[in-house]
Amino acid sequence: MKAVVFQGERAIEFVTFPDPTPGPGEVVLEIKASGMCGSDLKFYRASKTGGAQALGLGKLDGPVIAGHEPCGVVAAIGPGVTQGQARLGARVMVHHYKGCGVCEHCRTGWAQLCRAGIVVYGATGHGAHAPYMKVPASTLVPLPDELSFETGAAISCGTGTAYGALRRMNLSGRDTVAIFGQGPVGLSATQLAVAMGARVVALDVSAERLQRAKEFGADATVDPRSNDPVGAIKDLTHGIGAHLTLDTSGAPAARQAAVRSARTWGTVCFVGEGDTVTLDVSPDLLRKQLTIIGSWTFSCVGQADCADFVVERKIAVDRLFTARWRLDQAEEAYRLFDKQTTGKGVFLM
């Protein structure tokens, strides 16, 4: 099969790999939808030494198939996989990490926190930008019949990451939340936070993305290039600041503004990967009794919970997608996505 490999420095190559065969405890999926996530741009733009190494995920020994938002149907089942774990033709998502399987993190669905080391599918293990993908049966998460494969792909990282962060912040309908960045994760957070009843202030430097946030229910939008983001958020909150702030961009200036625009006793969450932030600890944190948390994606249980929430609230996650591509259009797809002015893209097979 031919699959997409990020070569670094915005180069993509179609590499031929053997069709996967499941081993003990494994299944092979026929991929139906493979989403494009903001994190993919880290690998797409990385130097030739590799994005996985740059993000501290390990060094690669050879080419790795891209794509960490897999969704499809079970096409083959390996020895030892029970009917309860997988059945042929089942519609499934993938929790895109593999750990040791026996530590406390793996056993509670948080394989990405495994102390023994992890595989991140699409980064250090073969991902879903391909016709087929081999994964442990333990990584499968059922896709509800009410949801499309492309919605399942979104929940498998971007939308699921937003959901996990909002849950960690205990967001409710009484809150004003400022969401920095309206890429795939940020726009998902806007869509979900509105569904949870919160008042949303959406921030981005792209007019197109701010317009989409407004269409998704954001109460107010702010362009940090033309407004002081901290001042703008305080103006919208009687000078006090937002109850909650969420940075999905990973940009140092946005992280700093997220901290400084949160009110006293507020909560700030970082989900954007990479880069740094510099804070003045006393005024920014201590004297505001601020809580800052990091949220790295979600557990497999949280992924299933997100899917159920989307079904129950009838959230149109498919509206996130502004482009649907064939796999052989990957070079064009990532050139467009790299501009960071559009919504989410997905490969449909």
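The values are calculated or read from the model by the stated rules, or taken from the named source; none is laboratory data. Quick caveat, the model's predicted, so the values are computed rather than measured. Glycine gets a Cβ as well: all are built from the backbone with ideal geometry, and neighbour counts include every protein chain shown. The protein model used for the area step is the full one, side chains on, heavy atoms only, and it has no ligands, DNA or RNA in it. Shrake-Rupley method; radii C 1.70, N 1.55, O 1.52, S 1.80 Å.
If I go through the stretch 275-295 residue by residue, how many of them are among the β-branched types (Val, Ile, Thr), surrounded by 14 or more Cβ atoms within 10 Å (Cβ to Cβ) and part of a loop (DSSP other than H, G, I, E, B)?
First pass over the stretch 275-295, keeping only residues among the β-branched types (Val, Ile, Thr): 276-278, 281, 291-293.
Next cut, surrounded by 14 or more Cβ atoms within 10 Å (Cβ to Cβ) only: 277, 291-292.
Next, only the ones that are part of a loop (DSSP other than H, G, I, E, B) stay: 277.
Going through the stretch 275-295 one residue at a time, the tally reaches 1.
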### Query
Restricting attention to the stretch 12-43, which residues are touching a helix residue (DSSP H, G or I) at 6+ places or on another chain (Cβ under 7 Å), modelled with pLDDT of 95 or more and open to solvent by 10 Å² or more (accessible area, probe 1.4 Å)?
Ile12, Gly25, Glu26, Lys32
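Quickly run through the stretch 314-349 and pick out the residues that are assigned to a strand (DSSP E or B) and of a type in the set (Phe, Trp, Tyr). It would help to see each step written out before you state the result.
Step one: list which residues in the stretch 314-349 are assigned to a strand (DSSP E or B), which gives 321-325, 344-348.
Correct list: Phe321, Trp325, Phe347.
Looking only at the stretch 257-282, how many residues end up being on the phi < 0 side of the Ramachandran plot and over 21 Å from the mean Cα position of the chain (by Cα)?
Step one: list which residues in the stretch 257-282 are on the phi < 0 side of the Ramachandran plot, which gives 257-264, 266-273, 276-282.
With over 21 Å from the mean Cα position of the chain (by Cα) added as a condition, the list becomes 257, 259-264, 266, 278-282.
Adding up the residues that qualify gives 13.
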### Message
What's the number of the only condition in (1) surrounded by fewer than 20 Cβ atoms within 10 Å (Cβ to Cβ); (2) within 19 Å of the chain's Cα centre (by Cα) that Thr248 fails to meet?
### Response
(1)
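With the condition kept exactly as written, say whether any residue in the stretch 255-266 is out of contact with any helix residue (DSSP H, G or I) (no Cβ under 9 Å at 6 or more places or on another chain), over 16 Å from Val185 (Cα atoms) and open to solvent by less than 20 Å² (accessible area, probe 1.4 Å).
Filtering the stretch 255-266 down to residues out of contact with any helix residue (DSSP H, G or I) (no Cβ under 9 Å at 6 or more places or on another chain) leaves 255.
Now narrow it down to the ones that are over 16 Å from Val185 (Cα atoms): none.
The answer is no, given that none of the residues of the stretch 255-266 is out of contact with any helix residue (DSSP H, G or I) (no Cβ under 9 Å at 6 or more places or on another chain), over 16 Å from Val185 (Cα atoms) and open to solvent by less than 20 Å² (accessible area, probe 1.4 Å).
Just checking, how many residues over the stretch 261-274 are of a type outside the set (Gly, Ala, Ser), in contact with a Ser or Thr (Cβ under 9 Å, 6 or more places away or on another chain) and not in a loop (DSSP other than H, G, I, E, B)?
Narrowing the stretch 261-274 to residues of a type outside the set (Gly, Ala, Ser): 263-265, 267-271, 273.
Narrowing further to those that are in contact with a Ser or Thr (Cβ under 9 Å, 6 or more places away or on another chain): 263, 265, 267-271, 273.
Subset that is not in a loop (DSSP other than H, G, I, E, B): 263, 265, 267-270.
Summing the residues that are of a type outside the set (Gly, Ala, Ser), in contact with a Ser or Thr (Cβ under 9 Å, 6 or more places away or on another chain) and not in a loop (DSSP other than H, G, I, E, B) in the stretch 261-274 gives 6.
Tell me, which helices (runs of 4 or more DSSP H) wholly within the stretch 136-245 include 2 or more residues that are at pLDDT 95 or above, open to solvent by less than 20 Å² (accessible area, probe 1.4 Å) and closer than 16 Å to Val311 by Cα? Please lay out each step first, then the result.
Values: elements: 149-155, 158-168, 184-195, 207-215, 229-235.
Filter on the stretch 136-245 gives 149-155, 158-168, 184-195.
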### Message
Pairs needed: first member in the stretch 323-341, open to solvent by less than 100 Å² (accessible area, probe 1.4 Å); second member anywhere, in a helix (DSSP H, G or I) and charged (D, E, K, R); C-beta distance under 9 Å; at least 6 residues apart or different chains.
### Response
Trp325/Glu332; Tyr334/Asp40; Phe337/Asp40; Asp338/Arg45; Gln340/Arg209; Thr341/Glu208; Thr341/Arg209
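Conditions (1) touching a residue at least 40 places away in the same chain (Cβ under 8 Å); (2) closer than 22 Å to Ala307 by Cα; (3) of a type outside the set (Phe, Trp, Tyr); (4) buried (at least 21 other Cβ atoms within 10 Å of the Cβ), marked per residue:
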{"site": "Gly78", "(1), (2), (3), (4)": "yes, no, yes, no"}
{"site": "Val81", "(1), (2), (3), (4)": "yes, no, yes, yes"}
{"site": "Gly89", "(1), (2), (3), (4)": "no, yes, yes, no"}
{"site": "Gly109", "(1), (2), (3), (4)": "yes, yes, yes, no"}
### Query
Which of the residues spanning the stretch 111-135 are within 16 Å of Val27 (Cα to Cα) and either open to solvent by less than 30 Å² (accessible area, probe 1.4 Å) or assigned to a loop (DSSP other than H, G, I, E, B) (or both)?
Tyr121, Gly125, His126, Gly127, Ala128, Ala130, Pro131, Met133, Val135
### Task
Return the pairs, sorted by first residue and then second, in which the second residue is surrounded by 21 or more Cβ atoms within 10 Å (Cβ to Cβ) and in a helix (DSSP H, G or I), the first residue lies in the stretch 211-222 and is hydroxyl-bearing (Ser, Thr, Tyr), the beta carbons are less than 8 Å apart, and the residues are 6+ apart or on different chains.
Thr221/Ala213
### Task
For Tyr132, state whether it is under 19 Å from the mean Cα position of the chain (by Cα) and either among the hydroxyl-bearing types (Ser, Thr, Tyr) or more than 25 Å from Phe43 (Cβ to Cβ) (or both).
no
### Query
In the stretch 68-95, how many residues are within 24 Å of Thr159 (Cα to Cα) and part of a strand (DSSP E or B)?
9
